[in-house]
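Undergrad: Let me give you the structure first, and then I'll get to my questions.
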Amino acid sequence: MTQKNALITGGARGIGAAIAKELAANGDRVFINYVKSSQAAADLVDEIKKNKGEAYAIQADVRADAQIEAMFGKIEADFGGVDILVSNANMSFTPKPFLEQTWEEFSQKLNDEVHASYMTAKFAAKSMQQKNYGRLIFISSTLSESPAPTFIAHGTAKGALDSLNKYLAVELGALGITSNIVAPGLVLTDATKQAPDEFKEYIRSMTPTQKIAIPEDVANIVGFLASQKSSHITGTYIPVCGGAYLP
């Protein structure tokens, strides 16, 4: 099986790091995109290499078109382009109720989320088109389908991402490119460890599997969607939430 090139945006920590390790273990050459987490990215590359995988850290702010173009250009020049894109970069936002939130706060999250996913997918798809093969995988959230107070900006942005995914599946399928959504619920990462224990226990108790996800739960699904085994699956929304949050 030919080795595939997998780019994971926001790949240095948490869910992204678990995805990088999973894809490397599956034999893919992984590119770990980061903005500021240079040490975490370098440590992850070292860990993957110690486990006989192939990995490279690559810095770029996926909100900036010039940096996106440079990143894809380097991968194209050195390794022949991207075969798998995992759009995972976390876009910060201000949790606020609708009546207290400004349009600027709301639109910043929406624009950052969709712009980064749209532009990285476009560069990736142009590379994939030449090979008649590609995997686009977007990390969304169950909050796009199951609203929660103060998360209107986040949920709406992820909802837009879900819709973008369907259009890409329709337009790119004939080119051998699949596009799918992976939508985690609450996942235990550095970003969520500060959540109150009472909240985490409430989520666990409301989840049919009686557990809270860990990054590897998400990475396992991404690993399948990135593989040859998922060739006839596209346009899907896969919640990774143990049955919680479902509409």
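Undergrad: Six or more apart or on different chains, Cβ under 7 Å: which pairs go from a residue in the stretch 6-17 that's at positive phi to one that's crowded, with 24+ Cβ neighbours inside 10 Å? Could you list them?
TA: Between residues of the stretch 6-17 that are at positive phi and residues that are crowded, with 24+ Cβ neighbours inside 10 Å, the close pairs are 10/16; 10/33; 10/88.
Undergrad: Something else now. Within the stretch 1-55, restricting attention to residues that are over 18 Å from residue 81 (Cα atoms) and of a type in the set (Val, Ile, Thr), which residue is surrounded by the most Cβ atoms within 10 Å (Cβ to Cβ)?
TA: 19
Undergrad: Right, something else. Would you pick out the residues in the stretch 151-165 that are within 29 Å of residue 131 (Cα to Cα) and out of contact with any Ser or Thr (no Cβ under 8 Å at 6 or more places or on another chain)?
TA: Answer for the stretch 151-165, where residues must be within 29 Å of residue 131 (Cα to Cα) and out of contact with any Ser or Thr (no Cβ under 8 Å at 6 or more places or on another chain): 160, 163.
Undergrad: Would you pick out the residues in the stretch 67-88 that are in a loop (DSSP other than H, G, I, E, B) and of a type in the set (Gly, Ala, Ser)? Let's see the steps before the verdict.
TA: In the first step, residues of the stretch 67-88 are kept if they are in a loop (DSSP other than H, G, I, E, B); the result is 80-83, 88.
Scanning the stretch 67-88 gives 80, 81.
Undergrad: May I pose another question? How many residues are surrounded by 12 or more Cβ atoms within 10 Å (Cβ to Cβ) and either more than 13 Å from the chain's Cα centre (by Cα) or at positive phi (or both) if we restrict to the stretch 221-236?
TA: Selection size over the stretch 221-236: 7.
Undergrad: Okay, moving on. Residues to consider are 16, 73, 27; find the one that is within 23 Å of residue 118 (Cβ to Cβ), of a type outside the set (Val, Ile, Thr) and more than 17 Å from the chain's Cα centre (by Cα).
TA: Details: 16 fails: more than 17 Å from the chain's Cα centre (by Cα); 27 fails: within 23 Å of residue 118 (Cβ to Cβ).
None of the other options fit; the residue is 73.
Undergrad: May I ask you to say which residue of 94, 156 is touching a residue at least 12 places away in the same chain (Cβ under 8 Å), closer than 30 Å to residue 232 by Cα and either among the polar types (S, T, N, Q) or part of a loop (DSSP other than H, G, I, E, B) (or both)?
TA: Every option except 156 fails the conditions.
Undergrad: Tell me which residues, restricted to the stretch 32-64, are of a type in the set (A, V, I, L, M, F, W, C), under 15 Å from residue 6 (Cα atoms), more than 17 Å from the chain's Cα centre (by Cα) and not in a helix (DSSP H, G or I).
TA: Residue satisfying the conditions is 55 alone.
Undergrad: Only one of these is closer than 18 Å to residue 26 by Cβ, not in a loop (DSSP other than H, G, I, E, B) and not aromatic (Phe, Trp, Tyr): 181, 203, 221, 233. Name it.
TA: Sole residue among the options that is closer than 18 Å to residue 26 by Cβ, not in a loop (DSSP other than H, G, I, E, B) and not aromatic (Phe, Trp, Tyr): 221.
Undergrad: Residues in the stretch 199-209: is at least one within 18 Å of residue 145 (Cα to Cα) and surrounded by 15 or more Cβ atoms within 10 Å (Cβ to Cβ)?
TA: For the stretch 199-209, residues within 18 Å of residue 145 (Cα to Cα) and surrounded by 15 or more Cβ atoms within 10 Å (Cβ to Cβ): present.
Every number here is computed from the coordinates shown, using simple stated rules; none is lab data. This one's a predicted model, so the numbers in the text were calculated from it and none came from an experiment. Heads up, the Cβs are rebuilt from the backbone with ideal geometry, glycines too, and the neighbour counts pull from every protein chain shown.
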